Amino acid sequence: MRPVGTVTFLFTDMEGSTRAWEAHPKETRAALQRHDEIVARAIEANRGTIILERGEGDSVFAVFERASDAVAAACELQLALGKEEWPSEVPLRVRVGIHTGEADADYRGAHVNRAARIRAIGHGEQILLSAVTAGIVRGTLPDGTSLIDLGQHRLRDVSDMEHVFQLAHPDFRENFPPLRSVSNFRQNLPVQLTSFVGRGRERKEVAALIDDHRVVTLIGSGGSGKTRLAIQVGADELEKFPDGVRFVDLAPLNDASLVVDAIASSVGIKVEQGISVVDALVRTLEGTKTLVIIDNCEHVIKACADTVTGLLRAGESVRVLATSREPLGLAGEMTWRVPSLSLSDDATKIEEIGESEAVQLFVDRACAVRPGFTLTSANAQAITDICRTLEGLPLAIELAAARAKALAAHQIRDRLSDRFRLLTGGRGRHQTLRSTIDWSYDLLSEKERALFRRLCVFAGGFDLPAVQAIWPDGDPLDHIEQLVDKSLVTVEQLTDEKLRYRLLETLRQYGAERLVEVGEEDEARERHFAHYLGIAERAYAQRIEHEAEMLASLEADHDDFRAALEWSRSQPRDLLRLASSLGWFWHLRSHYREGRTWLEQALALNPTERSRKRARALWALSMILNWQGDVAVARPLAEESLALWRTTDDPLELALALESVGWSHFAASNYSEALRSMEDCVEAYRRLGSAKLITRGRVAVGQMLAALGDVERTEPLARETLAEGRVLDEPKFVHFSLHYLADCALWRGDAKNAVQLYGESLRAALDYGNEMEAATEVQGMAMGLMGSGRAEEGFRLYGASCARFTELQTTMVDEVAFWVKFRERYLPPARERIGAAAAEKAEKEGRSMGWEQALAYAFQLAR
């Protein structure tokens, strides 16, 4: 069991391991294998627990209940390493850092960071102790050892100074270069009052860019963490820039002419009579290895660009790292957009949730205001929700965590709908979340402000045609490019040819408020509605021949359809027009609850409507109700839709309405009646001459035959429609055809073959995005597993499928008689074989599995 409470942390690291790996990989691998054995033996012999072996930089992280054991382990491993004869190509030198502090079982937080930072300032063969650890072990040091006082040192990313001690021994190397602490380098980096969390990958990427480019600009929206990242990279790079890392904060400047003076003051030059400040900077920096960090350039962007251009005359070894909400616009400048903190999409275990950088930041800052605050199973979901709502934006997360002083995590989450009032605090320019966005907004031109406000009507991602639709004043391309440059709009590269734009939700809420303030909301939202209505109606018209493409398009814009529907509530005819265009999409993509709600509202608000729009809505609502198991209500709606289409001259819609009546019979288990309806549909589809429609009708006939248990007719038809579906490149036809073949296998008792067929059908269902059908395939697999002697696995999948049906709010599989017969045939014997308790346990495990994990499990079982 891992020690918790007051414990001692020990970190080791092999100096120069990266170079050794690159130059001599074979020898390094052998040396490190021996290193691992020695280090592990010393730690285990002294009652330590290894938490991470061979982590970043070939490091080892161990924890001890007693500080004296940690020091003894460090002494033993260093002595043992010193006695080894290492290859000349791999001069293995290990540095050790030790610190004592409070910790929970996840070993995160300030004390762990401090131990790692103490290790980082040391040199190979050196053992360093914090003042706390040194004070504890003074009377219990290993024989022959003593402590050397190395004085106070400022550690990277630790706000206060640390008094550091070195463990000495007659067999140890005694003289080392000065410690690599921040205080021993030429720098003026500001002291940070809070720890730096995460960003390991980002720090490496930015450092690599500085190696290769003379000017690197970190760009991002306000509060994205540009400044903290730049300062941390500066601290990381101190050894590469022996002539100095100089930090310049331009935020307080209102006069662009003062930029060059601010940089000169930071670098520490003396301006001579008759020479310009820029020339004096060049003279001072010429021939040096200096990194100049220029922070907050956006409001004085031209002056920054001019000054940096001059600085570069100082030589190849002078580098500039800038932060800004837009690029400096220099030739050769490398821009790097600062991402939001990482968030795990599907983490369920507390350890996995704790890996998220956003969650780590929240917990760290919450602990600062409420000592003892930790991530627990009780608050993990609320903290995850907070971080996801705030989209990993560091400033917003820090401000939310500050509220942990008086509020529980779930209370913070529940108040985030009014985030601009909740997220206040801090100092200076970042006093509130609103103030940091005000800063960006005020720097925009009037046209840029107007476009930014209008973009806030978009609820999700959007493309350039959508921007053009809501912008009344010419081509918006130049303006949106400026908003992208200034980090108010982000670009998502979907394919080589397809880009979409997006606003962070925090920025969208801010802009939406501004839109209302200036009285532009009604016009912008009317344009927004008209644009998405056009998309929905075009997709409806093309849904037969281009179904997969249209479904994907509508799914991508689903958030904006929701916004358009909300806006049209006050216009009943518009609501019916849009909802009826989307009904087929809600049905096929398993958005049952949402589609039902909108369609019912639209129909109720238009009770006397006798139009094509009403017929479309009735068709879609009847299909959704069938799949939800609400059969008694669904059939009259389907019949009303059919009656309305009979009054029009539209043979396609009439045939589709006839099909919906057939599905209503199917949902009510009237399979013979359903079969007659579907056979009539096929004839209607043949008259229309569409290969896709004909196969669609034949697939529907196959479902009725499978439900009747007519294996002899179902199997050849399903094989034909399977081939047709592959030729037509229609995953839906492939899915259903495989499903019917699997049904036939269950009818015949060929359970093993059914597992494989349902597994193939599951992949096809996921390809075209029907979650309800995917859950049905998983349940079919479950029954096949039960029938082929794998009952526990079958009950586990069965539980997962039932949980998914509940999430989708559908009970169709409980209403359809032939499927119920399958369950009655396969479940009871399997339960009897393994016992009711084992079956219940496995089913419960499946219900708690989570859908993504359940799918992975299903595919594993289908192999």
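The values are calculated or read from the model by the stated rules, or taken from the named source; none is laboratory data. These figures come from a predicted structure and were not determined experimentally. Positions of Cβ are generated from backbone atoms using ideal geometry, with glycine treated the same way; all protein chains shown enter the neighbour counts. To get the accessible areas, we keep the full protein, side chains included, count just its heavy atoms, and leave off ligands, DNA and RNA. Shrake-Rupley method; radii C 1.70, N 1.55, O 1.52, S 1.80 Å.
Computed quantities for the displayed model
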read-out: Largest-first principal axis extents of the Cα set of region 467-545 (Å); value: 43, 33, 26
read-out: Cα-based reach from LYS732 at 28 Å (exclusive), listing lysines while leaving out same-chain residues under 8 positions away; value: LYS498, LYS613, LYS692, LYS752, LYS821
read-out: Farthest positive-ward along the chain dipole, Cα basis, beta-carbon charges - from PRO339, THR140, LEU258; value: THR140
read-out: Cα coordinate range in region 824-863, projected on the principal axes (Å, largest first); value: 29, 22, 16
read-out: Translational diffusion coefficient (Stokes-Einstein; Kirkwood radius from C-alpha pairs) of the chain at 25 °C, 0.890 mPa s, in µm²/s; value: 77 µm²/s
read-out: Computed magnitude of the charge dipole of region 226-281 (debye, nearest 20; Cβ of K, R +1, Cβ of D, E -1); value: 160 debye
read-out: Dipole of the chain, positive direction: furthest Cα of LEU654, ALA72, GLY725, with charges on the beta-carbon; value: ALA72
read-out: Projected label distance in nm at ALA817 and SER265, using a 7 Å step from Cα toward the beta-carbon; value: 8.8 nm
read-out: Computed over region 226-383, Kirkwood Rh from alpha-carbon pairs, angstrom; value: 18.1 Å
read-out: Using a Förster distance of 45 Å, the FRET efficiency for ALA331-GLN853 (Cβ separation, nearest 0.05); value: 0.35
read-out: Part-to-part distance (alpha-carbon centres) for region 245-314 and region 484-553, which is given in Å; value: 42 Å
read-out: Translational diffusion coefficient (Stokes-Einstein; Kirkwood radius from C-alpha pairs) of region 786-833 at 4 °C, 1.567 mPa s, in µm²/s; value: 113 µm²/s
read-out: Two-site label geometry, LYS844 and SER377: point separation in nm, points 7 Å out along Cα→Cβ; value: 1.3 nm
read-out: Solvent-accessible area, 1.4 Å probe, carbon plus sulfur percent, for the chain; value: 48 percent
read-out: q = 0.17 Å⁻¹: log10 I(q)/I(0) that the Debye formula gives for region 461-615, counting C-alpha atoms only; value: -1.10
read-out: Estimated dipole of the chain in Debye, rounded to 20 [Cβ of Lys and Arg +1, of Asp and Glu -1, Cα centre]; value: 1140 debye
read-out: Cβ-derived FRET efficiency at R0 30 Å, ARG748 paired with ASP559, nearest 0.05; value: 0.05
read-out: The chain, relative contact order [Cα under 8 Å, separation at least 6], %; value: 6 percent
read-out: Translational D in µm²/s for region 735-797 (Stokes-Einstein at 4 °C, 1.567 mPa s, Kirkwood Rh from C-alpha pairs); value: 117 µm²/s
read-out: Rg/Rh ratio calculated on Cα atoms of region 1-144 (Kirkwood radius); value: 0.96
read-out: Over region 688-811, volume per residue of the alpha carbon convex hull, in Å³; value: 100 Å³
read-out: Euclidean distance between Cα centres, region 340-413 to region 618-646, Å; value: 46 Å
read-out: Projected area averaged over orientations for region 750-863, convex hull of C-alpha atoms, nm²; value: 6.3 nm²
read-out: Isolated Cys residues of the chain, judged by Cβ distance under 4.7 Å to other cysteines; value: CYS75, CYS367, CYS387, CYS456, CYS681, CYS744, CYS802
read-out: Evaluated over region 79-123, the Cα radius of gyration and Dmax, each in Å; value: 14.6, 42
read-out: Base-10 log of normalised Debye intensity for region 722-763 (one unit scatterer per alpha-carbon) at q = 0.18, 0.32, 0.33 Å⁻¹; value: -0.45, -0.97, -1.01
read-out: Value of relative contact order over region 536-643, rounded to a whole percent, pairs C-alpha under 8 Å and six or more apart; value: 23 percent
read-out: Per residue solvent-accessible surface (Å²) - the chain, probe of 1.4 Å; value: 42 Å²
read-out: Evaluated over region 214-275, the Cα radius of gyration and Dmax, each in Å; value: 14.0, 42
read-out: Pair LYS26, ARG201: separation of 7 Å Cα→Cβ label points (nm); value: 3.4 nm
read-out: Those lysines that a straight Cα-Cα span of less than 17 Å connects to LYS226, excepting residues fewer than 8 apart in one chain; value: LYS204, LYS486
read-out: Surface/4 estimate of mean projected area, convex hull on alpha-carbon atoms of region 564-682, nm²; value: 6.9 nm²
read-out: Fully extended contour minus Cα-Cα distance, from ARG47 to LYS447, at 0.36 nm per residue; value: 137.3 nm
read-out: 22 Å Cα-Cα reach of LYS349 towards lysines, excluding residues that sit fewer than 8 places from it in its own chain; value: LYS841, LYS844
read-out: Dimensionless Rg ratio for region 78-194, taking C-alpha atoms and the 2.2 N^0.38 Å reference; value: 1.14
